[in-house]
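Novice: So that we are looking at the same thing, I have put the structure below in structure tokens.
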Amino acid sequence: MDYVSALVPPIVMAVFFIGVVRVIVKTQGGAAKAKEDAAVDAAIARAEAVRGGSAATDV
């Protein structure tokens, strides 16, 4: 019976790890991907505009 108690924790951790990986993979993309991409693109554009505007005044 010692082998059963020795194998249970790694098996339980493996099952939870597989579950976490499946959730991460399933949440990538989907319906919200376009909205998230647009938000990131807008944030990058704002950051570049701020950096570009301040650099132009420093010259």
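The values are calculated or read from the model by the stated rules, or taken from the named source; none is laboratory data. These numbers were taken from a predicted model, which means no experiment stands behind them. Quick reminder, even Gly has a Cβ in these numbers, built from the backbone with ideal geometry, and neighbours come from all protein chains shown. Just so you know, the surface numbers come from the protein's heavy atoms only, side chains and all, with ligands and any DNA or RNA stripped out. Shrake-Rupley method; radii C 1.70, N 1.55, O 1.52, S 1.80 Å.
Novice: How far apart, in nanometres, would the label points at Ile18 and Ala42 be if each is projected 7 angstrom from Cα along the Cα-to-Cβ direction?
Specialist: 4.1
Novice: For the Cα atoms of the chain, what angle does the longest principal axis make with the long axis of helix 33-58, in degrees from 0 to 90, nearest 10?
Specialist: 40
Novice: On a 0 to 90 degree scale, rounded to 10, what angle separates helix 2-27 from the longest Cα axis of the chain?
Specialist: Result, in degrees: 30.
Novice: Give me the three principal axis extents of the chain from the C-alpha atoms, as integers in angstrom, largest value leading.
Specialist: 76, 29, 7
Novice: Which percent of the accessible heavy-atom area of the chain goes to carbon and sulfur, probe 1.4 angstrom?
Specialist: Carbon plus sulfur share of accessible area: 72 percent.
Novice: Dipole of the chain (Lys/Arg Cβ +1, Asp/Glu Cβ -1, origin at the Cα centre): which of Val4, Val40, Gly30 lies farthest to the positive side?
Specialist: My answer, from the dipole projection, is Gly30.
Novice: Helix-derived [θ] at 222 nm for the chain: sum -39500 (n - 2.57) over DSSP H runs of at least 4, divide by residue count, nearest 500? Show your work: numbers first, answer last.
Specialist: Values: 2 runs with 52 residues, N = 59.
Helix contribution divided over all residues of the chain: -31500 deg cm²/dmol.
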